[in-house]
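J.: First the structure, then my questions, so here it is.
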Amino acid sequence: MSSALTDLLPHPIVQAPMAGGVAVPRLAAAVSEAGGLGFLAAGYKTADGMYQEIKQLRGLTGLPFGINLFMPQPETADPAAVDVYAHQLAGEASWYETELGDPDSGRDDGYDAKLAVLLDNPVPVVSFHFGVPAPEVLEALRRAGTVTLATATTPAEARAVERAGADAVIAQGVEAGGHQGTHRDAPEADGSGIGLLSLVAQVRETVSIPVVAAGGIMRGSQIAAALAAGADAVQLGTAFVATHESGAHELHKRALTDPLYVRTELTRAFSGRPARALVNRFLREHGPYAPAAYPDVHHLTAPLRKAAAKAGDPQGLALWAGQGHRLARDLPAGRLVEVLAAELAAARTALSDGGAR
Ligand SMILES: Cc1cc2nc3c(=O)[nH]c(=O)nc-3n(C[C@H](O)[C@H](O)[C@H](O)COP(=O)(O)O)c2cc1C
């Protein structure tokens, strides 16, 4: 197991980039300092906001870290469906005493401006979600000394990532918390996501670049399983949401282990793209008819989520969580990396002892 990516890391553990204020510089710094790879999330930020966070992180640690960009999105197929959804959400807006957001607030997430910043001020690692950048972009980043990754949720998407020239692929299983990084949101593909171990084994046989496994991983024993299935490293999101340095709302952190939340579901209710969250009132009521319209629905519901946070109402928040959420641990992030690394070592010893018998 050796690659430009894994050579950067004492432990094969990547902290997932988590947009929405979760993956803040102090979290990324704590993870990198403990021997994992800390990540910042540029999603929903301006290019300057991203740059300020990079500067903050560089003030906290000189160790490698990554930054994640969202790919620009195509035009929404059915704008009328967004109008209908806005109508259906009107009651929420009056309940929270706020207005709905403007669904046309932009679909490229400042991609070009962010890339320009990252080419002028290169960072060690850049990953992409929701698609694959043009080969020229990946080549320019490589020339700047940056290792590149992109998410895939199927073997075909992994092949596209390799063909474009990325250094590694993130194989994201259907268990994963937050948005599925599918290259295209296909409404007809609802419920057809691939489980992590099955996906990693298939991706391993499809591409020759390193594979990072993401989705539902909360313990070192699961890391051992993903590595045994062919991954070179793992990426954990939900496990880090619960850590002390995470910027997640306290209600979100607490909800992960609250018995009130019995399951997660993939939903378009909050953003218009399938994303896994704890099932709460908002998801239950609006998930069944939310349209495939990202990021229109994200912009539409942003003020509702903000108002729910202000009101201290977890039933109106997007409680992003992977299927392993019940195993979340209330620890400092650096300690979590150490515990995961120790569990991984123990699991590997147990496996090789078992093999020797
Ligand atoms: C709160 C939250 C926010 C996320 N935001 C992003 C993001 O901005 N970019 C990205 O590539 N992945 C994002 N993800 C997905 C993660 O990269 C990763 O695939 C996922 O967390 C793995 O599953 P797990 O949460 O079960 O560990 C997010 C996940 C969570 C839980």
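J.: Please indicate, with yes or no, whether at least one residue in the stretch 7-14 is among the hydrophobic types (A, V, I, L, M, F, W, C), within 14 Å of SER127 (Cα to Cα) and within 16 Å of the ligand (Cβ to nearest atom).
T.: Taking every residue of the stretch 7-14 in turn, at least one turns out to be among the hydrophobic types (A, V, I, L, M, F, W, C), within 14 Å of SER127 (Cα to Cα) and within 16 Å of the ligand (Cβ to nearest atom).
J.: Could you run through the stretch 15-45 and say how many residues are within 15 Å of the ligand (Cβ to nearest atom), part of a loop (DSSP other than H, G, I, E, B) and over 14 Å from the mean Cα position of the chain (by Cα)?
T.: Matching residues across the stretch 15-45 total 2.
J.: Name the helices (runs of 4 or more DSSP H) wholly within the stretch 176-241 that hold at least 3 residues that are within 9 Å of the ligand (Cβ to nearest atom)?
T.: 238-241
J.: Also: Sort through ARG329, ARG335, ARG357 and tell me the only one that's modelled with pLDDT under 95 and outside the structural domain of ALA93 (by the TED database).
T.: None of the other options fit; the residue is ARG357.
J.: If you don't mind, another one. Of all residues in the stretch 153-204, which are in contact (Cβ under 8 Å) with a residue 60 or more places away in the chain and at positive phi?
T.: GLY178, GLY191
J.: I want to confirm something. Restricting to the stretch 302-356 and keeping residues that are of a type in the set (A, V, I, L, M, F, W, C) and touching an Asp or Glu at 6+ places or on another chain (Cβ under 8 Å), which single residue is surrounded by the most Cβ atoms within 10 Å (Cβ to Cβ)?
T.: Per the stated criteria, the residue is ALA333.
J.: Given the condition among the aromatic types (Phe, Trp, Tyr) and out of contact with any Gly (no Cβ under 9 Å at 6 or more places or on another chain), answer yes or no: does some residue in the stretch 37-60 qualify?
T.: Yes, the conditions are met somewhere in the stretch 37-60.
J.: Which of the following residues is at pLDDT 95 or above and within 24 Å of GLU157 (Cα to Cα): ASP120, ASP112, ASP48, ASP83?
T.: ASP112
J.: Please go through the stretch 242-256 and give me each residue that is surrounded by 19 or more Cβ atoms within 10 Å (Cβ to Cβ), within 13 Å of the ligand (Cβ to nearest atom), of a type outside the set (Lys, Arg) and within 17 Å of PRO332 (Cβ to Cβ), ordered by number.
T.: ALA242, THR243, SER246, ALA248, LEU256, listed by residue number.
J.: So for the stretch 271-288 (the condition being over 21 Å from GLY66 (Cβ atoms), within 11 Å of the ligand (Cβ to nearest atom), assigned to a helix (DSSP H, G or I) and touching a residue at least 60 places away in the same chain (Cβ under 8 Å)), does at least one residue qualify?
T.: Taking every residue of the stretch 271-288 in turn, none turns out to be over 21 Å from GLY66 (Cβ atoms), within 11 Å of the ligand (Cβ to nearest atom), assigned to a helix (DSSP H, G or I) and touching a residue at least 60 places away in the same chain (Cβ under 8 Å).
J.: Select from the stretch 100-116 the residues that are under 22 Å from ALA168 (Cβ atoms) and of a type in the set (A, V, I, L, M, F, W, C) and list them in ascending order.
T.: Selection gives LEU115 alone.
J.: OK, next. Please indicate, with yes or no, whether at least one residue in the stretch 72-90 is within 16 Å of the ligand (Cβ to nearest atom) and either part of a strand (DSSP E or B) or within 30 Å of ALA164 (Cβ to Cβ) (or both).
T.: Looking through the stretch 72-90, at least one residue is within 16 Å of the ligand (Cβ to nearest atom) and either part of a strand (DSSP E or B) or within 30 Å of ALA164 (Cβ to Cβ) (or both).
J.: Here is a further query. In the stretch 125-141, what residues are in contact with a Phe, Trp or Tyr (Cβ under 8 Å, 6 or more places away or on another chain) and in a loop (DSSP other than H, G, I, E, B)?
T.: Matches in the stretch 125-141: PHE130 only.
J.: Among the residues that make up the stretch 60-71, is at least one of them buried (at least 19 other Cβ atoms within 10 Å of the Cβ), assigned to a loop (DSSP other than H, G, I, E, B), within 16 Å of the ligand (Cβ to nearest atom) and at pLDDT 95 or above?
T.: no
J.: Another question about this same structure. Sort through ALA160, ALA171 and tell me the only one that's of a type outside the set (Val, Ile, Thr) and assigned to a strand (DSSP E or B).
T.: Testing whether each residue is of a type outside the set (Val, Ile, Thr) and assigned to a strand (DSSP E or B) leaves just ALA171.
The values are calculated or read from the model by the stated rules, or taken from the named source; none is laboratory data. Here the structure is a predicted model, which is why all the values come from computation and not from measurement. Note that we place each Cβ from the backbone using ideal geometry, even for glycine, and neighbour counts take in every protein chain shown.
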